[in-house]
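What follows is a short report on a single structure.
The values are calculated or read from the model by the stated rules, or taken from the named source; none is laboratory data. These numbers were taken from a predicted model, which means no experiment stands behind them. Glycine also receives a Cβ, built like all others from the backbone with ideal geometry; neighbour counts cover every protein chain displayed. These area figures cover heavy atoms from the full protein model, side chains too; ligands, DNA and RNA do not enter into them. Shrake-Rupley method; radii C 1.70, N 1.55, O 1.52, S 1.80 Å.
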Amino acid sequence: MSISGAHAPAVTVWWAHPLDPDAHPGLVSVLDAHERERMAALRQEADRARYLAAHALTRIVLGEHLGVDPAAVLLDRTCRCGQQHGKPRLAQRPDSPGFSLTHSGSLVGVALGPGPVGVDVEHRRSLTSLEGLAEHVLSPAERGGPALDTTTFLVTWTRKEALLKATGDGLSSPMDAITLSGPHEAPRVHAWVGEPRGPMWLADLSTPEPDHPAALAGFGDAAPAVTTADGDAVLAG
């Protein structure tokens, strides 16, 4: 099917639900050898289902955008250490288009934009040792604000992880170096220690599942228009 929004200058985010690999061999065949190996190594059925939906959706979206078969999309996952476990990028064209994938709970998401983007979704669930987690996530300035509950903590987490995915650093870069606006305020980066790459925009996203907060980030002074699309329909063909 044609994927509406794939060629628009705005960022498009597709949301979909996990799919059992055993029931969807056609989607498994879209993955490359590296992805099939990674998926098979996951012990939990739910993890394999999220992995398949997220990676198959990514390939279908990219294939439509590039005008190639999804299985023929070549990805480079080279990490700073040289191994193939870094942020996936299109081989030989790492920044255009930019894309990002995420999965948690009962949702997977794929974002596609004209430049580097980062998307993150988190399933709202009980978190053990919220105080300990907050020490690693909140900057010194943020720790002086109101105490976070699970909901507000996950809003902060998704915003920061989206930013780190956009830069390509992921969780190898410290979240506590970033100071954001409060979780009940419009998302904005107030400060970023040691981050010299220029201004970044940040946006909260609505999702098909109310208990799954999400965020989107990229480079620039202001967030572009964001379009959401039906990833389930894309996966269904």
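Things to note:
- The range 180-237 - accessible surface per residue (Å², probe 1.4 Å): 53 Å²
- Rolling a 1.4 Å probe over the protein heavy atoms of the chain, with every protein chain left in place, gives an accessible area that is 53 percent carbon and sulfur.
- Loop-resident trypsin sites (Lys or Arg not before Pro) (DSSP state other than H, G, I, E or B) in the range 112-185 with no more than 15 further Cβ atoms inside 10 Å of their Cβ: Arg125.
- Helix-only mean residue ellipticity at 222 nm for the chain, each DSSP H run of n ≥ 4 adding -39500 (n - 2.57), per residue, nearest 500: -9000 deg cm²/dmol
- Label-to-label distance, nm, for residues given as Asp221 and Asp204 (7 Å Cα→Cβ offset): 2.5 nm
- Taking all protein chains into account, the per residue accessible area for the range 98-150 stands at 45 Å² (1.4 Å probe).
- Protection proxy ranking, highest mean first, for peptides 70-78, 106-114: 106-114, 70-78, where packing is the per-residue count of other beta-carbon atoms within 10 Å, averaged.
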